[in-house]
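Read the figures in this text as sums done on the coordinates, not as results from a lab. Worth saying up front: this structure is predicted, and the values here are computed from it rather than measured. All Cβ positions, even for glycine, are placed from backbone atoms using ideal geometry, and neighbour counts span all protein chains on display.
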């Protein structure tokens, strides 16, 4: 008995079917990534926690005057108490500058900074800073803190060190328009020469990575 021949499939149609299947797989992966990105973004948003957002603003006029005269008056909640103690005991060589104070005044400011340090703060970003620190490490620069490094990982050197209006990540208020209030949300970031960070990225930094990764994944799988 002669078996009937199987119907032939048009090669072009077969190729299209494969492309459609690939696209469906890619779309599912993108959907999963977007869901995950939403979760992470909400978890890292100042307004999504029961804790107070940002870091506690400076509320010591003497500290604001003495330290703010030379540089941005960093909030105590941006460093652990061990860092503040080490910084305040080495003011004779404060990053290449002599910033010595009268003994009594130095002690008053040291007490303020250590008592309001990150580990004693109820503010969200201070908590994240403490959690990110490596055990037994005492960073002397805020830019050495793992959490701070991670939050700035999408900025290029051209945007920062190569930008005469920014110069360094240590100049917080050059980009964070509400830094003096203790707010460091991405909504309030304006990078000189690049504008609003949210608009520049078309989303949060995490979403930006997800979108670029999704596009690359789609291209690699479909060949389009």
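Tabulated results
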item: P(r) weight above 26 Å for the stretch 88-207, C-alpha pairs, percent; result: 31
item: Cubic angstrom per residue, convex hull over Cα atoms of the stretch 130-183; result: 93
item: Extended-chain gain in nm, criterion 0.36 nm per residue less alpha-carbon gap, residue 170 and residue 22; result: 48.7 nm
item: Residue 141 paired with residue 70, simple spin-label distance in nm, labels 7 Å along Cα-to-beta-carbon; result: 1.6
item: Packing-based order for 99-109, 113-123, using average beta carbon neighbours within 10 Å, highest first; result: 113-123, 99-109
item: Per residue convex hull volume, Cα atoms of the stretch 51-140, in Å³; result: 92
item: Added length on full extension, which subtracts the Cα-Cα distance from 0.36 nm per residue, residue 94 to residue 131; result: 10.7 nm
item: Inter-site label distance for residue 156 and residue 199 at 7 Å from Cα along Cβ, in nm; result: 2.0
